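Below is one structure, written out as structure tokens, with a few remarks after it.
Taken together, the values in this text are just the output of simple stated rules run on the coordinates, not laboratory data. Because the structure is predicted, anything quoted here is derived from the model rather than measured. Neighbour counts are summed over all protein chains in view; Cβ atoms, including those assigned to glycine, are modelled from backbone coordinates with ideal geometry.
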Amino acid sequence: MVVDLVDRCVESCRQRFAGDRRIEYFVNDGVSLEMIPDRSIDFIFSFDSLVHAEADSVGAYLAQAARKLKPGGAGFIHHSNLAAFVNPRTGHVRRFVTKRNWRAESMSADVFRRQCDAAGLTCRSQELINWIGRGRQVDRHRLDGRLIPLTDCLSVFTTFSRNAPRPTLVANHDFVEEWRQAVWIADVYAKDELRVDDVAAGRPGAHPFVRKLATARKLLRDRGAASVGALAWDKATAAGEFTMSALKARLLGEANRWFARRSLTR
């Protein structure tokens, strides 16, 4: 197994996987894999890393991959598809794509296929996916997947095969929903156990409105009616901001849905 990372990450991995002697660590220059012997690799894998790499870097890695892979070897690369949303007239990403998660603007599924051809590789399949990031508020509107741009791509490639069929291209608008499902499963089956005192007090099962009344009662007792009014005003303001934000997100999402339909009918 070969891991290509920067110095600090390499040291972290050395500590994390100190007991596994199968792993080798290298720090490269960001475009080449010269430290790896030619025709020595069975499988290349990169997820949630090269999405930030521009087309020139990804192309350089693919050229290296063609040399490093054994005959019949394969690779899986998660890369940006943001270039698919660049307006050719302006050269800028279309305005409805607001959550870009630092994706590379020059990279797309089409570019990746051309780079595979140039490197002497065969692109076998590509799955276009959407992405919502990891922030606490990033999924607060829970938009339908078809309203979230397919800014990412999962591409599978192999060494050159003369009789290989055309690559399979899948537009997976449900990727975000699959992510939500995985989070739900983790929350149910992998979450730390509730504290005994919380269960005894009935806090986990209390209705949100009951908890709000308890907070207001405590605030009234400790700080007076003015504090309760101020809290109510803050909550109302936050609710108004959320409503406007949700409306804007929905409108931008509908623009993305229209663009996706238009692109497929070309």
Item checked: Cα radius of gyration and Dmax for segment 1-91 (Å) -> 15.3, 54
Checklist line | segment 80-156 and segment 6-40: distance between their alpha carbon centers, rounded to Å | finding: 28
Next item on the list: Before anything else, pin down the relative contact order of the chain: Cα pairs under 8 Å, at least 6 apart, normalised by residue count, whole percent.
Entry: 16
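Given 20 °C and 1.002 mPa s, compute D for segment 45-188 with the Stokes-Einstein relation, Rh being the Kirkwood radius over Cα pairs; round to the nearest whole µm²/s.
Translational D for this selection: 133 µm²/s.
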Checklist line | Residue order, fewest to most beta carbons within 10 Å, for D117, D152, D234 | finding: D234, D117, D152
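If the only charges are +1 at each Lys and Arg Cβ and -1 at each Asp and Glu Cβ, what is the size of the charge dipole of the chain around the Cα centre, to the nearest 20 debye?
In debye, rounded to 20, the chain gives about 1080.
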Next item on the list: Give the dimensionless ratio obtained when the Cα radius of gyration of segment 68-113 is divided by 2.2 N^0.38 Å.
Entry: 1.49
Notebook entry, point to check: Within straight cross-link reach of K99, meaning Cα distance under 29 Å, which lysines are found once same-chain residues fewer than 8 apart are removed?
Noted result: K191, K235, K248
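Ignoring everything except DSSP H segments at least 4 long, calculate the 222 nm mean residue ellipticity for the chain; use -39,500 (n - 2.57) per segment, divide by total residues, nearest 500.
Only helices count here, giving -14000 deg cm²/dmol.
Checking understanding here: applying a Kyte-Doolittle mean of at least 0.0 and a length along the axis of at least 20 Å (C-alpha), which whole DSSP H helices in the chain pass? Provide the component values of the computation, followed by the final result.
Details: long enough: 175-189 (21 Å, 0.13); 208-223 (22 Å, -0.60); 225-264 (58 Å, 0.10).
Taking the DSSP H segments of the chain (at least 20 Å long, mean hydropathy at least 0.0), we get 175-189, 225-264.
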Item checked: the chain - Cys residues lacking any other Cys C-beta under 4.7 Å -> C9, C13, C153
Note to self: Which of G30, G19, G240 ends up with the largest GNM mean-square fluctuation for the chain, with Cα atoms connected below 10 Å?
What the structure shows: G19
Check: Using a Gaussian network model of the chain with C-alpha springs under 10 Å, which one of L252, L143, L231 is most mobile by mean-square fluctuation?
Finding: L231
Next item on the list: Over all alpha-carbon pairs of segment 123-189, lay out the pair-distance distribution in 10 Å bins, whole %, shortest bin first.
Entry: 18, 39, 25, 13, 4
Notebook entry, point to check: How big, on average over all directions, is the shadow cast by the Cα convex hull of the chain, in nm²?
Noted result: 20.8
Notebook entry, point to check: Among G133, G59, G253, which one shows the biggest mean-square fluctuation in a GNM of the chain, springs joining Cα atoms closer than 10 Å?
Noted result: G133
